[in-house]
1. Under 19 Å Cα to Cα from K81, which lysines show up? Leave out anything in the same chain fewer than 8 places away.
2. Strictly greater than 22 Å: what percent of every Cα pair in region 132-284 meets that?
3. What number does region 1-147 give for Rg over Rh if you use C-alpha atoms and the Kirkwood radius?
4. How long is the gain from E195 to D127 if the chain were fully straight, where each residue apart is worth 0.36 nm and the alpha carbon distance is subtracted?
5. Just the projected area, averaged over all directions, of the convex hull on the alpha carbon atoms of region 12-247: how many nm²?
6. List the aspartates and glutamates whose alpha-carbon lies under 19 Å from that of K261, not counting same-chain residues fewer than 8 positions away?
7. Taking 8 Å as the Cα distance limit and 6 or more residues as the minimum spacing, I'd like the relative contact order of region 1-148 as a percentage.
8. Short version: ³J(HN,Hα) in whole Hz for each residue of region 87-102, in order, from phi by Karplus 6.51 cos²θ - 1.76 cosθ + 1.60 (θ = phi - 60°), x for Gly and Pro, what are they?
Amino acid sequence: MGCPHNCVFCNQDTITAKTAPGSADTVREIIEERLPALKGRGLDTVEIAFFGGSFTGIPLDWQKKYLAVAKEYKDNNRVDKIHISTRPDYINIPVLENLKKFGVDIIELGAQSFDDEVLSLSERGHDASDIETASSLITSYGFSLGIQLMIGLPGDTKEKAITSAKKTVLLKPDIARLYPTVVFEGTRLAEMKKEGSYCPLNENQAVEITKEMYKILDAAGINIIRVGLKSTDLVNPENDLCGNYHPAFRQLVEGAIAREKMEELIWAHGKKEKSFCFTCNKKSFSGMIGHKGCNRDYFEKKYPSLTFMYTADEMLPDRTYKLKSLLSGK
Ligand code: SF4
């Protein structure tokens, strides 16, 4: 339902123009359609999530209608949690009281950046202090907090992005999402790019900056539930104007982090060893090898006199990369 804002990167006008607002019955239909598909998948938690636009920006009556349906499913133990996303300046005490009444568990804030210049150039209509105030209110009411950050908005730099990640850590969110900016047709950002006033990041730059932010959030124990946009209908080669969308962006970032750690291990042992066996758990294995084997190729090319092998060790925690020396057998 129409958000009154016009953030430069957002094509919600185009989306909402094509889609009539759903009724409470539509919410119920969607839940009934999706719930059976989730059975037997071994999921720890099933959530009803109201995403897209700004949930607490829609009229309170509508919020109540939608939430009443969700609460019914939660009360009947058919779902575990209710999850919403909204803007920092749409959080206040009456809003939180209402969300509490309907059993909402998780509130995600589209923060995007903690730099006031980036927020202003992106026409967000709020500043960094709004994010901090809203986050404190959310956690003081006992909700789980999520923070969404974007990378490469107008005026953004690597330093500003890293500062945003550090400021996010101070707010102690439970979850975070990292989204490199994608330029969609029909947005102000697309016009800015055509005019030459905005230069999007290329893939390597986006990976490099996101990697540093990921490391900061991960080290603070924040669950990074998404890195990069989903390959939904909203993202296809026609509406990604700069061609910098990558469907496996998370794997690119986690692969870059793994490569960095593995290279540190080579340098720490490289003078003594000729053969290296890297190991990590199965879940982290694709990060170790890299997207389409790019890490394997990188090490083979960069260190042609060394031999590399890769094995799994289920005893290791996620994203922990160790080196087993083939010569010493350790
Ligand atoms: S507040 Fe959210 S939905 Fe509204 S224009 Fe900005 S990004 Fe789009």
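Please treat every number below as a calculation from the coordinates, not as lab data. Everything quoted here is computed from the prediction, not taken from an experiment. Cβ: placed from backbone, ideal geometry, glycine included. Neighbour counts: every protein chain shown.
1. K39, K64, K65, K71, K100, K101
2. Roughly 51 percent, once rounded to a whole number.
3. Expressed as Rg/Rh, it is 0.98.
4. The E195-D127 span can extend by a further 21.9 nm.
5. 13.1 nm²
6. E208, E212, D218, E273, D297, E300, D313, E314, D318
7. Computed value for region 1-148: 23 percent relative contact order.
8. 8, x, 7, 9, 10, 8, 5, x, 4, 5, 4, 5, 4, 5, 4, 9
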